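So the structure is just underneath, and the comments pick up after that.
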Amino acid sequence: MKIIDNIACLKEEIKKLQGSTGLIPTMGALHKGHLSLIKQSIKDNDNSIVSIFVNPIQFGINEDLDKYPRQLKKDCELCEKAGVSIVFAPKVQEIYKSDKNDLTLICPPITVLDKLCAKTRIGHFDGVCSIVAKLFNLTKANRAYFGQKDAQQLFIIKKMVEDLNFDIEIIPCPIVREEDGLALSSRNQYLSKDDRTLALNIQKALKTASGLAKQGINDKKTILDACLIILKDLEVDYVEFVDKNTFDITEDINKNTLLLIAAKTPQSKTRLIDNCLLYQ
Ligand code: AMP
């Protein structure tokens, strides 16, 4: 496995690759969620490239850029064990020659920026799209792997690929959870013991909502209220229902309804997100 930190070397290595290439963009602090994407790529492709880059332009001013966990050595060991061909882990200066105000950015449409994470994380998805587009161009990958945990991100990336005619296939991968149901996230490292116990209520709310829907309750308010009671000890950012195909907020509860939750834990103020298809 090659570990590369600069664009010139990456381009040289990409030229040498034969067959298909899968890209797994990450911010590192790899866990079993990331590894499931990596495994899928290794199954599907001749070469798999993992990028590890804590992308400063997708963090807001009061967010956790400085304290975001960084563990490159351990991440590289995990990638090597998994059978990755290249880890691309550049420094910020290698990726951005100037600051955000002087960069060409990709901005998703207002129709997806007026809701969910985009509403509180202003500029976040511009940052995400811009780095992902750069990685697509640099790696020339045939496929790229994204987790369904970041459902709005996945939708926006798919739309960017379609709207801008990127020649790459986006492969969605299911959410990987701890045994007790907590969705794996690099940010789980911030959780205190009490926070972690409360964080389980997010999955509990999703399960309860799904149970109600499956019992035939299709009134959004009833399901929403049930979720909010379960989430009462967390700082809820949103509990929202969207159509999985359009990401439009929906009043209907049907087989396409995706329920998404974002909430902060009370002690460490860790922002967690999770989602499920109500009828899954
Ligand atoms: P991140 O390092 O948080 O930017 O995540 C990199 C990729 O891993 C994104 O496509 C995420 O959606 C995906 N991912 C993160 N956590 C999980 C999880 N628990 N299950 C599946 N995919 C995940």
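The values are calculated or read from the model by the stated rules, or taken from the named source; none is laboratory data. What you are looking at is a predicted structure, and each value in this text was computed from that prediction instead of being measured. Cβ: placed from backbone, ideal geometry, glycine included. Neighbour counts: every protein chain shown. SASA here: full protein model, heavy atoms, side chains in, ligands and nucleic acids out. Shrake-Rupley method; radii C 1.70, N 1.55, O 1.52, S 1.80 Å.
For the reader, a short list of remarks on this structure follows.
- Residues of the stretch 133-177 satisfying the condition of being closer than 17 Å to Leu258 by Cα and more than 8 Å from the ligand (Cβ to nearest atom): Ala151, Gln152, Phe155, Ile156, Lys158, Pro172
- Screening Asn62, Asn55 for residues that are more than 19 Å from the chain's Cα centre (by Cα) and under 19 Å from Thr270 (Cα atoms) leaves exactly one candidate, Asn62.
- Positions within the stretch 95-123 being in contact with a helix residue (DSSP H, G or I) (Cβ under 6 Å, 6 or more places away or on another chain) and open to solvent by 40 Å² or more (accessible area, probe 1.4 Å), in sequence order: Lys100, Leu105, Ile106, Cys107
This table checks each residue for (1) over 19 Å from Ile106 (Cβ atoms); (2) of a type outside the set (Phe, Trp, Tyr); (3) within 11 Å of the ligand (Cβ to nearest atom); (4) surrounded by fewer than 19 Cβ atoms within 10 Å (Cβ to Cβ).
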{"site": "Ile131", "(1), (2), (3), (4)": "no, yes, yes, no"}
{"site": "Ser185", "(1), (2), (3), (4)": "yes, yes, yes, no"}
{"site": "Gln203", "(1), (2), (3), (4)": "yes, yes, no, no"}
{"site": "Leu206", "(1), (2), (3), (4)": "yes, yes, no, no"}
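- Count - residues of the stretch 195-207 that are touching a residue at least 24 places away in the same chain (Cβ under 8 Å) and over 24 Å from Arg121 (Cβ atoms): 2
- Selected residue [surrounded by fewer than 17 Cβ atoms within 10 Å (Cβ to Cβ) and among the acidic types (Asp, Glu)] from Asp126, Asp167: Asp167
- Checking each residue in the stretch 223-279 for being open to solvent by 50 Å² or more (accessible area, probe 1.4 Å), part of a loop (DSSP other than H, G, I, E, B) and over 19 Å from Ala199 (Cα atoms) picks out Lys244, Asn245, Thr246, Asp248, Glu251, Asp252, Asn254, Lys255, Tyr279.
- Residue in the stretch 208-222 that is most open to solvent (accessible area, probe 1.4 Å), counting only those that are in a helix (DSSP H, G or I) and without any contact (Cβ under 8 Å) to a residue 40 or more places away in the chain: Lys221
- Here Gln93 does not qualify as farther than 14 Å from Met1 by Cβ and touching a residue at least 12 places away in the same chain (Cβ under 8 Å).
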